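The values are calculated or read from the model by the stated rules, or taken from the named source; none is laboratory data. All figures in this text were calculated on a predicted structure; none of them were measured in a lab. Cβ: placed from backbone, ideal geometry, glycine included. Neighbour counts: every protein chain shown.
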Amino acid sequence: MTVFILLTLWCHGPLSPFLPAAYEPLLLFYGQLYPPLVVALAGALASAAVEYLNYHMYRAILGHASIGRVMSTRASRTVSALFARRPFLAVWICAWSPLPDWAARVLASHARYSIRRYLAAVLAGRIPKFWFLAAVGMHWAPSGATIAAIVLGSVVLTLGGIFFRRSAGRSQLAASRAALLMVVGIGLAALPPAAGAGPR
């Protein structure tokens, strides 16, 4: 169980935005070794402990960064819109759903949302989610190879998504630059020649 708690701290630490779906296979695995409720409670409490540190660390970092650049994806904008109206609900939904929980963390720390309410919403969402996945692992009992394949597939999909977004962003930037150069070129060609610039 000690290894499980250490892995929980790692998967929910500052690098968690780069480790999507890395924790779910662990719940499937440990659900075969321990009662699902014990796994869920240990995982939720450990993740809440590291969320306390994340909250304060993100608050310090976001004092020097633009929230608009951080919250640039479509999913994070969805979370942002919900957080503006119902912050507890937004954090709770992100804690159990596929929506990015790092987005709720960023918004809560940037808005200086109550740390107690933030952690309460995290626990309220993660305990049932973790229990469900551990129970699935107990009844399904996937092999180590299956769990490794799930982790590998998650990594491939994540890296592929990042590469696709960056490639699309570079293509749009290149097209914008080309259009700008064309407009500038047409504008320069339309300008009248400067006085005395004719042939001597």
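Of the listed requirements (1) under 22 Å from Pro36 (Cβ atoms); (2) loosely packed, with under 14 Cβ neighbours inside 10 Å; (3) outside the structural domain of Leu37 (by TED's automatic domain parsing), Gly153 misses just one: (1).
Could you tell me whether any residue of segment 116-136 is out of contact with any strand residue (DSSP E or B) (no Cβ under 9 Å at 6 or more places or on another chain) and part of a loop (DSSP other than H, G, I, E, B)?
No, there is no match, as no residue in segment 116-136 is out of contact with any strand residue (DSSP E or B) (no Cβ under 9 Å at 6 or more places or on another chain) and part of a loop (DSSP other than H, G, I, E, B).
Selection of segment 100-131 for residues being within 15 Å of Gly13 (Cβ to Cβ) and of a type in the set (Phe, Trp, Tyr) yields only Trp102. Set side by side, the residues Ser72, Ser80 differ, and just one is in a helix (DSSP H, G or I) and either modelled with pLDDT under 90 or surrounded by 21 or more Cβ atoms within 10 Å (Cβ to Cβ) (or both), which is Ser80. In this structure, does Phe130 turn out to be at pLDDT 95 or above, in contact with a helix residue (DSSP H, G or I) (Cβ under 8 Å, 6 or more places away or on another chain) and over 20 Å from Leu27 (Cβ atoms)? No; evaluated as a whole, the condition is false for this residue. Leu41 passes every criterion in (1) buried (at least 18 other Cβ atoms within 10 Å of the Cβ); (2) at pLDDT 95 or above apart from (1). Counting residues in segment 90-106 that are surrounded by fewer than 16 Cβ atoms within 10 Å (Cβ to Cβ) and either of a type in the set (A, V, I, L, M) or in contact with a strand residue (DSSP E or B) (Cβ under 7 Å, 6 or more places away or on another chain) (or both) gives zero.
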